[in-house]
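Participant: Below: one structure in structure tokens.
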Amino acid sequence: DVKVLLIDAAPESGAPAPSLRVDLGGNRTLDGAVEGFWDEYHNIFALVDSLKLPREPFSNFAEQGQYSPRGLEAIWPVFRDQLQLSTGLAQAAFTRFINLPIPELATTASLVLALADFDQKDEASWAQWDGMSFRELCKKLRVSDRVYQEAVEPMVLTGLFVPGELCSAAAAMGMANFFVLAHQNSFDVRWCAGSVGEAIFRPWAEQMQKRGVTLVDGKRARTLE
């Protein structure tokens with residue numbers, strides 16, 4: 001027999017921290033945490049399927065908007081609904097950039113080639129690019145400042161939660177390969193219909209309790225012996 005003890009710092013296992021919850025009014029809430037679930041999240045989708053929840057927690061795949069402080073900059077379509085092309089080519093062909101002119105976008109060609117050449121399973125690829133920041137890489141490849149600020153860096157901020165000058169080029173390229181370039185459909189996203197805590201984590205916690213898992217709420221694990 002195996003005894004499983006789950007320690008959760010939240011006041012209630014399966015619920016988001018109160019500081020991350022936003023009240024939208026009308027009995028609607030939004031968790032200030034992960035809300036989007038991308039096509040490559042196979043383990044998460046398999047887990048949710050195994051829970052056999054009474055209500056599907058995810059939306060259909062939907063378009064995404066990319067914003068800067070100036071407003072909407074780009075629209076990412078549902079790539080699985082588009083003509084299937086070579087990965088990378090599809091993203092370039094079907095993404096709709098609202099404000100960037102074609103000559104500016106063309107400056108990303110060398111970056112696209114570098115991304116295509118990067119092998120995230122190869123230590124040599126990591127060693128080659130890990131010593132410089134992603135911002136330095138873009139300067140070296142002559143990506144225009146405008147494209148970097150309005151299109152490229154927002155992707156890094158979304159995927160790694162850090163500006164380009166503070167993360168390695170290898171880390172940013174690895175993220176891009178996972179989310180964008182693994183397959184044409186990799187960047188397709190589904191959204192949780194409501195609070196992730198209530199729709200997924202709470203029923204998951206309840207099912208674990210029924211299986212004999214002991215849940216300890218409001219505690220932090222400080223040491224392991």
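The values are calculated or read from the model by the stated rules, or taken from the named source; none is laboratory data. Just so it is clear, the structure is predicted and the values come from calculations on it, not from any experiment. Don't worry about glycine lacking a Cβ; one is built from the backbone with ideal geometry, like all the others, and counts go over all protein chains shown. Note: areas computed on protein heavy atoms with side chains; ligands, DNA, RNA excluded. Shrake-Rupley method; radii C 1.70, N 1.55, O 1.52, S 1.80 Å.
Participant: Report, by residue number, each residue of the range 167-200 that is touching an Asp or Glu at 6+ places or on another chain (Cβ under 7 Å) and on the phi > 0 side of the Ramachandran plot.
Facilitator: If the condition is that a residue be touching an Asp or Glu at 6+ places or on another chain (Cβ under 7 Å) and on the phi > 0 side of the Ramachandran plot, then no residue fits.
Participant: Restricting to the range 130-157, give me the number of residues that are part of a helix (DSSP H, G or I), in contact (Cβ under 8 Å) with a residue 24 or more places away in the chain and open to solvent by 30 Å² or more (accessible area, probe 1.4 Å).
Facilitator: 5
Participant: Find the residue count for the range 85-95, including only residues that are more than 17 Å from the chain's Cα centre (by Cα) and either farther than 14 Å from Val180 by Cα or in a helix (DSSP H, G or I) (or both).
Facilitator: 5
Participant: Please go through the range 158-191 and give me each residue that is among the aromatic types (Phe, Trp, Tyr) and either in contact with a helix residue (DSSP H, G or I) (Cβ under 9 Å, 6 or more places away or on another chain) or in a helix (DSSP H, G or I) (or both), ordered by number.
Facilitator: If the condition is that a residue be among the aromatic types (Phe, Trp, Tyr) and either in contact with a helix residue (DSSP H, G or I) (Cβ under 9 Å, 6 or more places away or on another chain) or in a helix (DSSP H, G or I) (or both), then Phe178, Phe179, Phe187 are the ones that fit.
Participant: For the range 96-129, what are the residues that are open to solvent by 60 Å² or more (accessible area, probe 1.4 Å), in contact (Cβ under 8 Å) with a residue 24 or more places away in the chain, in contact with a helix residue (DSSP H, G or I) (Cβ under 8 Å, 6 or more places away or on another chain) and not in a helix (DSSP H, G or I)?
Facilitator: Phe97, Asn99, Gln120
Participant: Take the residues in the range 185-220 that are within 30 Å of Leu85 (Cα to Cα) and not basic (Lys, Arg); name whichever of them is surrounded by the fewest Cβ atoms within 10 Å (Cβ to Cβ).
Facilitator: Across the range 185-220, the extreme among qualifying residues is Trp191.
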